[in-house]
Amino acid sequence: MAPTPNGKVAAVKKKINLWAWFWILLGALYFLVPLYGTFDFSLREKRGVLSLLAYQNVLADPRFRDSFTYSALMALATIVVGLLLIVPTAYWVHLRLPQVRPLIEFITLMPFVVPAIVLVFGLIRIYSGPPLALTNSDPLTNFLLMCGYVILSMPYTYRSVDTGLRAIDVRTLTEAAQSLGAGWFTILFRIIFPNIRAALLSGAFLTFAIVIGEFTLASLLGRPAFGPYLVYMGNNRAYEPAALAIISLALTWAAIGLIQLLSHGRPGQEQVGGVH
Amino acid sequence: MAQATQNQIRANSSQRSLVIRNLVAWAGVVPFLVFVILFLFWPASSLITGSFQNQSGAFTLQNIIDLFTPSIMNAYMLSIQISIVTAIGGGIFGFMLAYAVIQGGLPRWVRTALTTFSGVASNFAGVPLAFAFIATLGHTGFLTALFADKLGIDIYNLGFNLYNFWGLALTYMYFQFPLMVLIMAPALDGLREEWREASENLGASSYQYWRYVALPILWPSLLGSTILLFGNAFGAYATAYALTRTLNVVTVLIGDQISGNVLFNPNLGYALAFGMIVIMAVSIGLYTWLQRRTARWLQ
Amino acid sequence: MAFLELTNIRKQFGQAVAVEDFNLKVDRGEFVSFLGPSGCGKTTTLRMIAGFEIPTVGRVAVDNVDITDKAPNQRNVGMVFQSYALFPNMTVAQNIGFGLRIRRESESAIKERVDEMLALIHLEQKGPSYPSQLSGGQQQRVALARALAIRPQVLLLDEPLSALDAKIRVSLRAEIRAIQRKLGITAIYVTHDQEEALSISDRIVVMSQGHMEQVGTPFEIYNFPQTAFVASFVGTLNTTTAEVVDSARGVLQIDGARLETAEKLDGRQKGDKVTIAIRPERFSFASEQKKANVVDCRIENITFLGSIVRIQVSIGSGKYYMDTFNNPFLELPKIGDKDQVTCSREAVLVLKS
C-alpha cells in the first residue's frame, strides 16, 4: 500500500516552510532585539519608573536643535546639488554619449574605493592650504563638507537616476519634445524630471538618510553637525544616546519607508548601503 | 573635377561639424567630471603621492616601509579580520534569510517586510548603531540586565564583551547581513524554477541540483557580495569610533592621524590611507568583475 | 496494449479543478498533441506525466508500470520546456550530458552520446558554446537534445516553440517531428497553436476548461469537429443557428435560405434550433447546373491572403466567410455584387452543443 501522494508532497512543503520560518525568526530577533533594548533603555533615565525624560532632555537641548537643523540643511543642499549634477549628466550620457557610460559607472563606484575617512583626509590635505584654503572660513568649510557629501551619496543617487532613465524612453521623449519646439531647459525640467520623479525622490531620501547622521566628514572637518553631537552625548550622558538612537532610527525608517512606497512593485529599485 | 573638389569640401565641412558635435556632446559631462576631479580624484591621488613623499616633499619609500611596523600591521590585521568575519558571517546569515524568503514558500508580505527592514538596517549604522548596541549589550544594557535579573547570569563574567573584537563584530553584523539580503535577493530571483524542474526531469536529486546547477550559478554573486561586505566593514569608521577606543582598526588609526591625537606624521597617515585604497580597490574590482560574470549568465 | 496510459485523471488546486475525467491511451511511437487555450489544463496534464504535479485522483502508467507516485527524478521521461531551461553555467555539451552524468555513465559513453545528439540537432560545432551565445531556435534544439540524451521512454514538449519567431517555428517543428519519427519515441506535445497541432501530430486532444473536448487525428478534428468549442478553436469556421425544417431529409433553414445536411438529425423536431458549422473553403460560387444548397448572397468584403482569397458574403442578415483559391486568370466579384453560393450536403456540420 503506497502512501497517499498528496500527504508526501504536503510533508515536504511543510519542512521547507518550517525551515524558512526559522531563519526569518532568527533574523527578526537580530533586527528587533537591539531596537527594543535601546527603546527600553531610553525610558529608564528616572530610577524605577519608565519615563520619557531622556527624550525631553534631548528635545530641550538647544545643541540638539542646532545640530539637527544644520545637518538637515546640509542634507537638503546635498540633495539639490547632487541631483543637479547627476541628473543632467546621466541624461546626457543616455542620450548622446552611451559609449561613456562605463566610465561614468566606474567613477560613481569610486566612493566605495575611497571610504569617507580617506576622502576627508584628502579633502583636508588639498583644501586646508593655498591655493584653495577653504577650511579657513566656516561658510567655505560648509561648502567643502557638502561637496564631500555629494561624493559620498553619488553611487546611490546615480544608481537610482540611472534606473529611472532606463525605465523611460529618453531618446523618443526628447525627440518628441524637440519636434514640438522645446529647448534643453524645458526638456530637462518639464519632461525628464517629472518622468523620473520616483527615482529622484528615492535618491533624495537615501541621501537624506546618509547625511543626517553622518559623523566622519563632519567631525573631522569640525562642523557642528548632528553626528558629532551624537558622539558628544555618547561621551557625556547615559540614557540620552539611546533616545537619540531611536530618533535617528525613526528618521532612517521614514526615509527608507518613503523610498519603498515610491518604488513599490518596481524591481531593481531596492537601495543598498550607506556610510558607516 | 570641380564637382569632386566641391564634394571634398562638403565632406570636410561635414566631418568638421561631426567633430564639433562630438565636442558639444562631451561638454555635457564636463561639470560632472570637474566636480569628481576636484572633490574625489585630486584629494585621493594627493594622498597617494603624499605617501611617497617625506615631510619636505622629496620622494621616499620610508612611509610605505613604516606601514610594516607592528602597531600598524596589527591595525590592518584587525581590520581585515573583522571584515572577513563579518563578511562571511553576515553573508551566510543574509543568504539564508534571502533564500528562506524567496524560495521557502513564505507569504509575500514576509518578503516585503524583510526588504524594508534590510533597507533600514543597512542604513542604520554609524554612531546610533553603536548606541543601540551599548544600550542593549553594554555593561548596563537591556539584555545584559535581563540575563542578570531573570537568569542570574552575568554575560560579562562569561567572557562576553561588547567592546572587544567579537562585540564589534556582532555590531557590524547588524548592517552586514541586511546588505547581503538586498544584494542576494535579485540573484535568487534569477534562479528559475524551470532549472530545478529540468534537472529533476533529467534524474538529478536535490543535492545534485544544488551541486551542479544552483551553486555554480549563484557562486559569483555569493562571492561578489561577500567581497562587497568585506569592503563595507573595512571602510567603517563611525561605528568603531563610537563603540570602542581600544580596538584600533585602520580607520580609527587614520582618524587619530587627522585629528592629531597621536604623534603627528601626516605622510605616514597618507600611507595608511593609501593602503586602504589599495585593499578597497582590489575588493571592489573583484566584486565588479564577479557581478559582470553573473550578469552574462543571467541576462 | 497502450504504452502511455492516463486513467481517470483529476487534479485540483485547492478548490479549483484544473483537469477532470482525463483518459488517454497513447501507443508506442505515437505523437499526440494537447491543444487548447491557456488555462485549459493541458500543461497541468503534461506536468503530471513528468511528475511535477501529482494527480488528486487517477493513474499514470508507462509501459504497464504505474508511475503516479514516482518522484520526477525517478521517472525516465524527457521534458522540453517553453523557456528552454538550459543551465546557463554549463556549455551546450555539458547541458546535453547532464542527465547521463547524473546516471553515472562513463566519460567516454557520455561524450559519444553527446556527439550523437549534437549531430542529430545539426549543431556539431556548438558543443563548447554557452547557451547565451546561441539563438533561441538553437537553444531549443539543445534542450531537445538534452531531453533525448537520457533515452527517455516518453518525450514531453511544453509549448517548445512559442518563444520563437514565426519562420523558425515552422522549420523547427518539422525538425522535431522528423527526429521523433527517426527515434520512434512516444511524444506528448502541448500547444495552443492549432496550426502547429494539425501539422505535427498523429492525434490531437482538444481541451477546454479541464475537459477533453475531442480526441482524434488532425483530419478528424479539422473536418469533423464534434463540439462548438472544437469547431471554433480549430481553423476558421462559420457557425450559425439553423431551424430544422425536415429532420428525416436533413433540411434546415437559415435566414430564409434552405440548406440540406448529410448529417442525421435524429430526435430533432421540426422547428428545433441546431448549431451548424461550415468551413469557408467548402463554399463556392454556384454554377448553372447545381440545384441543391444554392443560396442567394451579397458580396460584403474581399481580403487577399496570398494563395487564397477570403470573401465575406451576407446571407439574409448573417455574414459568412468563403475561401477560394487565388486564380490570377479569374475575375473576382466586386463588393456589393449579388451572387449565389453553394456547398455540398456533407459540408454542413451539425454540432453537438
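The values are calculated or read from the model by the stated rules, or taken from the named source; none is laboratory data. All of these numbers come straight from a predicted model, not from anything done at the bench. Cβ placement follows ideal geometry from the backbone for every residue including glycine, while neighbour counts extend to all protein chains displayed. Protein only, heavy atoms only, side chains kept; ligands, DNA and RNA dropped before computing areas. Shrake-Rupley method; radii C 1.70, N 1.55, O 1.52, S 1.80 Å.
Work out the length of the dipole vector of the range C:256-304 about its Cα centre, built from +1 on the beta-carbon of each Lys and Arg and -1 on the beta-carbon of each Asp and Glu, and round it to the nearest 20 debye. Write down the numbers at each step before the final one.
Details: 10 positive and 8 negative charges, 28 e Å.
So the magnitude is around 140 debye.
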(request) Report the relative contact order of chain A, percent, no decimals, based on alpha-carbon pairs under 8 angstrom and at least 6 residues apart. (result) 27 percent
(message) So, taking all protein chains as they sit and a 1.4 Å probe, how much accessible area belongs to C:Glu243, in Å² rounded to tens?
(response) 70 Å²
(request) Under 1.5 on a/c is rounded, so check that first for the range B:65-298, then, if it is not, pick prolate when a/b is larger than b/c and oblate when it is not; a ≥ b ≥ c are the square roots of the alpha carbon gyration tensor eigenvalues. (result) oblate
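Carbon and sulfur atoms: what percent of the 1.4 Å accessible area of chain B do they account for? Write out the running numbers ahead of the final one.
Values: 8590 of 13060 Å².
Here carbon and sulfur together make up 66 percent of the probe-accessible area.
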(request) Normalising by the residue count of chain B, find the relative contact order in percent from Cα pairs under 8 Å and 6+ residues apart. (result) 28 percent
(message) I need the peptides B:177-187, C:262-272 ranked by packing, meaning the mean over residues of other C-beta atoms within 10 angstrom, with the highest value on top.
(response) B:177-187, C:262-272
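Quick test of the membrane-span-like rule: which DSSP H helices of chain A reach at least 20 Å along their long axis (C-alpha atoms) with mean Kyte hydropathy at least 1.0? Don't jump to the answer; show the numbers that get you there.
Working: long enough: A:5-42 (55 Å, 0.67); A:62-95 (49 Å, 1.08); A:138-167 (42 Å, 0.39); A:197-212 (22 Å, 1.94); A:240-262 (33 Å, 1.75).
The qualifying helices are A:62-95, A:197-212, A:240-262.
Would you tell me the mean number of C-beta atoms belonging to other protein chains that fall within 10 Å of each C-beta in A:207-220, as a whole number? Show your work: numbers first, answer last.
Working: counts 0, 0, 4, 3, 0, 0, 8, 3, 9, 11, 2, 1, 7, 5.
Mean partner-chain Cβ count within 10 Å for A:207-220: 4.
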(message) Would the range C:144-291 count as rounded, prolate or oblate if I go by the C-alpha gyration tensor, calling it rounded below 1.5 in a/c and otherwise prolate when a/b exceeds b/c, oblate otherwise?
(response) prolate
(request) Pop out the carbon and sulfur fraction of the accessible area of chain C as a percent, whole number, probe 1.4 Å. (result) 48 percent
(request) From other protein chains only, count the Cβ atoms within 10 Å of every residue's Cβ in C:68-80, then give the mean. (result) 4
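Checking an interface number: how much accessible area is buried between A and B, summed over both chains, with a 1.4 Å probe, in Å² rounded to 100?
7600 Å²
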(message) I'd like the interface area for chains B and C: accessible area of each alone minus the complex, both sides summed, 1.4 Å probe, protein heavy atoms only. What is it in Å² to the nearest 100?
(response) 2100 Å²
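Could you give the accessible area per residue of the range B:65-298, probe 1.4 Å, as a whole number in Å²? Write down the numbers at each step before the final one.
Values: 8700 Å² over 234 residues.
The answer is 37 Å² per residue.
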(message) If I model a spin label as a point 7 Å beyond the Cα along the Cα-Cβ vector, how far apart are those points for C:Ala262 and B:Arg293 in nm?
(response) 6.9 nm
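How large is the helix-only mean residue ellipticity at 222 nm for chain B, computed as the sum of -39500 (n - 2.57) over DSSP H runs with n ≥ 4, divided by its residue count, in deg cm²/dmol to the nearest 500? List each step's numbers first, then the result.
Working: 15 runs with 220 residues, N = 299.
Computed ellipticity for chain B at 222 nm equals -24000 deg cm²/dmol.
Take peptides B:46-57, B:89-100, C:302-313, C:231-242 and line them up by average Cβ neighbours within 10 Å, highest first, as a rough protection proxy. Mind showing how you got there, number by number?
Details: B:46-57: 15.7, B:89-100: 23.1, C:302-313: 14.1, C:231-242: 18.1.
Result, highest mean first: B:89-100, C:231-242, B:46-57, C:302-313.
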(request) Have a look at the protein assembly as shown and give its Rg and Dmax from the Cα atoms, expressed in angstrom. (result) 36.9, 119
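FRET efficiency for A:Leu173 and B:Gln103, Cβ-Cβ distance as r, R0 = 30 Å, nearest 0.05? Intermediate results must be reported in sequence, preceding the final value.
Values: r = 38 Å, r/R0 = 1.28.
About 0.20, to the nearest 0.05.
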(request) Could you provide, to the nearest whole Å², the per residue accessible area of the range A:58-263 with probe 1.4 Å? (result) 39 Å²
(request) Name the residues of the range B:121-142, by number, that are at least 40 Å² less accessible with every protein chain in place than in the isolated chain; the surface is that of heavy atoms, probe 1.4 Å, without ligands or nucleic acids. (result) B:Asn123, B:Phe124, B:Val127, B:Pro128, B:Phe131, B:Ala135, B:Thr136, B:Phe142
(message) For peptide B:273-280, what's the mean number of Cβ atoms from other chains within 10 Å of each residue's Cβ?
(response) 4
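Remind me, relative contact order of chain C in percent, using alpha carbon pairs under 8 angstrom and six or more residues apart?
For chain C, the relative contact order is 15 percent.
Once you sort the root eigenvalues of the Cα gyration tensor of chain C as a ≥ b ≥ c, which label holds: rounded (a/c under 1.5), prolate (a/b larger than b/c) or oblate (the other case)?
Prolate, because a/c is 1.5 or more and a/b exceeds b/c.
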(message) How far apart, in nanometres, would the label points at A:Leu132 and C:Ala119 be if each is projected 7 angstrom from Cα along the Cα-to-Cβ direction?
(response) 7.0 nm
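Sorting check: for A:47-53, B:219-225, C:326-332, which peptide has the highest mean count of neighbouring beta carbons within 10 Å, and how do the rest follow? Before the final figure, lay out each step's value.
Values: A:47-53: 11.1, B:219-225: 21.0, C:326-332: 8.4.
Most protected by this proxy first, the peptides run B:219-225, A:47-53, C:326-332.
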(message) With the cut-off at 32 Å, tell me which of the pairs C:Lys25/C:Lys319; C:Lys319/C:Lys352; C:Lys11/C:Lys167 have Cα atoms farther apart than that.
(response) C:Lys25/C:Lys319; C:Lys11/C:Lys167
(request) Can you work out the accessible area per residue across chain C, with the rest of the protein chains kept in place, probe 1.4 Å, in square angstrom? (result) 46 Å²
(request) May I ask you to give the percent of accessible area on chain A that is carbon plus sulfur, with a probe radius of 1.4 Å? (result) 67 percent
